[in-house]
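One structure below.
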Amino acid sequence: MTMKADIVIIGGGISGAAIAYNLAKKGMKNIVVVEKRFIASGATGACGAGIRQQWGTEMNCKIAKMSCEFFENANEILGYEGDIEFKQGGYLLLASNEKEEEQFKRNIALQNRLGIASKALSLEEAKEIVPMLNTEGFVSAAYHHKDGHLNPFHTTLAFVKAAEKLGVTFMKYTEVTGIDVNGDEIIGVQTTKGYIETSRVVNAAGGQSQDIARMVGLELPIYSERHQILVTEPVDPILSTMVMSFTGNFYCQQVPHGGIVMGRGDAGEPRDGNINSGWHFLEEMARTITKLLPPLKKAMVIRQWAGLYNITPDRQPILGPVKEIKGFYLAVGFSGHGFMFGPATGILMSEIIMGEPTSIDISSLNLYRFDRGEMVFEPSVV
Amino acid sequence: MDPKTIICRCSDITLEEVRQAISDGYTTFDEIKRVLRTGMGSCQGRTCMPLILREISVMTGIPQEDLNPGRKRPPVNAVSLGAIAEGEDHDYES
Ligand SMILES: Cc1cc2nc3c(=O)[nH]c(=O)nc-3n(C[C@H](O)[C@H](O)[C@H](O)COP(=O)(O)OP(=O)(O)OC[C@H]3O[C@@H](n4cnc5c(N)ncnc54)[C@H](O)[C@@H]3O)c2cc1C
């Protein structure tokens with residue numbers, strides 16, 4: 001079977017779905033999204049789905065703000081029959097030392113200037129928001145009440161359903177196995193369900209973005225690392241806000257149905273694509289969280305899982321075209337925060353692909369910044 | 001079976017809702033789990049999985065033995081964070 005498409009988007013996660021929706025909204029026809037399993041079966045479905053505007057660079061603050069404002073109205077904008085379950089309970093970021101506290105202060109000044117109403121909190125004030133918080137080992141906190149959490153499946157499905165209404169085709173359980181190139185031009189995409197003739201391809205393949213890039217002869221400066229996460233049985237509301245530490249490398253929040261979701265990074269995590277769950281994580285996570293929030297000792301862990309962070313050298317995504325191959329676009333390397341950037345990724349990538357000026361200047365997120373030594377310095381990443 | 005029959009006791013999901021999800025195009029156990037939360041509760045799908053697989057099979061015509069029962073996620077029995085933090089014995093291999 002041979003199909004024809006004006007553009008093929010590889011990956012049915014939040015990035016691919018949001019790009020497809022925005023391109024269709026701008027009037028592009030014959031958009032095909034190819035997903036090897038089902039919608040949100042990659043990092044998107046595995047993620048903590050926390051969203052924050054407390055960033056340390058102007059660009060990231062703007063991207064996060066644009067996305068948050070979209071989430072606030074997404075059920076209506078996308079005409080979704082379900083609910084994306086957006087809960088704005090805020091993010092409480094804990095500072096472990098004076099240096100981090102200074103950084104938070106600088107971030108807050110920047111955020112306030114950009115219309116993000118974050119503020120610095122003393123540990124006493126932090127305890128007013130999270131009464132069970134054990135503040136030992138921390139010096140202060142930063143808080144923004146509009147940060148929050150969504151249901152990642154429903155959010156992605158909302159984009160998919162809206163895109164389908166605009167004529168986008170989603171091919172589930174279809175794997176891209178090759179991309180045919182003639183000179184520097186794309187001619188088609190090979191899949192397990194047939195051939196798709198096209199001159200444009202978007203690589204939104206998350207943890208497999210390197211494999212897709214290799215299909216056109218590009219080596220991306222990216223690795224994929226396992227990150228683990230768990231959820232407890234539902235309990236009564238006891239935690240209204242997300243609690244997070246960059247230094248401690250963990251986050252914890254209660255989701256609307258009552259489960260408490262928590263994750264933690266670890267330098268020893270495998271980078272070979274393995275996403276099996278390990279006991280070591282469970283122990284480290286339990287120790288970290290029962291010290292921080294002692295009443296959670298009684299919470300019962302019901303499930304743990306893992307997904308891949310697709311990580312670049314500066315932990316910022318790569319968004320845009322490449323010089324080597326015409327019509328090949330990257331929306332990759334989200335380094336653990338691609339869910340909250342999803343709506344903006346969709347808007348900005350569609351602007352780039354349509355040849356329009358971008359609503360936010362993201363030219364610094366080009367692939368060539370690493371060779372040129374022009375890395376983006378973002379202090380606030382887990 | 002009555003459409004109002006509860007298929008998933010953990011998340012209170014009826015047969016009707018499962019059938020609706022299947023006709024909306026969610027034709028695998030893993031997809032239905034993510035849309036309806038079936039199998040995410042404390043029984044981890046032990047009750048609802050066979051019932052849901054049977055419905056998928058009936059509605060899609062795919063024989064039940066060819067359907068993917070979905071990815072199993074540890075731990076099999078719920079454990080408290082306190083017990084894990086204290087390093088109690090576990091029968092779980094990573
Ligand atoms: C444990 C964990 C917690 C996280 N927490 C957060 C958080 O709180 N907030 C946040 O913003 N971000 C978080 N992230 C990061 C976030 O999940 C990702 O950055 C984001 O989901 C990336 O979306 P994506 O669409 O680019 O990639 P993905 O969701 O990974 O989608 C890529 C898709 O491409 C498909 N694919 C791959 N290869 C092929 C192929 N050859 N053919 C066809 N399809 C293919 C895959 O099946 C996959 O569905 C977390 C990640 C993890 C793992």
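Miscellaneous remarks
- A simple rule links phi to the HN-Hα coupling: the Karplus curve 6.51 cos²θ - 1.76 cosθ + 1.60 with θ = phi - 60°, which for region A:37-47 gives 10, 10, 4, 6, 7, x, 4, 4, x, 9, 8 Hz, with x for Gly and Pro.
- In this structure the amide hydrogen of A:Ile179, modeled in the peptide plane, comes within under 5 Å of the amide hydrogens of A:Gln190, none closer than 5 places in sequence on its chain.
- Normalised by 2.2 N^0.38 Å, with N the number of residues, the alpha-carbon radius of gyration of region B:6-86 equals 1.19.
- Listed residues B:Glu17, B:Glu65, B:Glu31, most fluctuating in chain B (Gaussian network, C-alpha, under 10 Å): B:Glu65
- When A:Arg226, A:Arg214, A:Arg315 are compared by accessible area at a 1.4 angstrom probe, the order from most to least is A:Arg214, A:Arg315, A:Arg226.
- Karplus (6.51, -1.76, 1.60) ³J(HN,Hα), θ = phi - 60°, over region A:176-190, in Hz, Gly and Pro reported as x: 6, 10, x, 10, 8, 10, 10, x, 10, 10, 7, 10, x, 10, 8
- GNM result for chain A, Cα springs below 10 Å: residue of A:Gly137, A:Gly90, A:Gly338 fluctuating most strongly: A:Gly137
- Of the trypsin sites (Lys or Arg not before Pro) found in region A:1-40, the ones in coil according to DSSP and having at most 14 other Cβ atoms within 10 Å of their Cβ are A:Lys26, A:Lys29.
- With Cα atoms defining each centre, region B:42-65 and region A:132-189 are spaced 28 Å apart in the structure.
- Longest segment of chain A lacking GluC sites (Glu not before Pro) that sit in a DSSP loop with at most 10 other Cβ atoms within 10 Å: A:220-382
- Bridges between two residues of the protein assembly as shown, per DSSP, are antiparallel at a rate of about 70%.
- Cα centroid separation - region A:291-340 against region A:246-286, whole Å: 13 Å
- Placing dummy labels 7 Å off each Cα toward the beta-carbon, the span from B:Ile6 to A:His145 is 3.8 nm.
- 1.4 Å probe, heavy atoms, protein only - residues of region B:63-83 losing at least 50 Å² accessible area vs chain alone: B:Arg71, B:Arg73, B:Pro75, B:Ala78, B:Leu81
- About its Cα centre, region A:132-221 has a charge dipole of approximately 440 debye under the convention of +1 per Lys or Arg Cβ and -1 per Asp or Glu Cβ, with nothing else charged.
- Counting only DSSP H runs of at least 4 residues, each contributing -39500 (n - 2.57), and dividing by the residue count of the protein assembly as shown, the helix-based mean residue ellipticity at 222 nm comes to -9000 deg cm²/dmol.
- Alpha-carbon Rg/Rh ratio, for chain A, with Rh computed the Kirkwood way: 0.97
- Integer Hz, Karplus 6.51/-1.76/1.60 couplings in order for region A:289-298, x for Gly and Pro: 7, 6, 6, 6, 10, x, x, 6, 3, 7
- In the A-B interface, the accessible area buried, summed over both sides, Å² (probe 1.4 Å): 2900 Å²
- If you wrap the tightest convex hull around every Cα atom of region A:219-267 and split its volume per residue, you get 110 Å³.
The values are calculated or read from the model by the stated rules, or taken from the named source; none is laboratory data. Keep in mind that this is a model prediction, so the values were computed, not measured. As a convention, Cβ positions derive from the backbone with ideal geometry for all residues, glycine included, and neighbour counts pool all protein chains shown. The accessibility values were calculated without ligands, DNA or RNA, using every heavy atom of the protein model including side chains. Shrake-Rupley method; radii C 1.70, N 1.55, O 1.52, S 1.80 Å.
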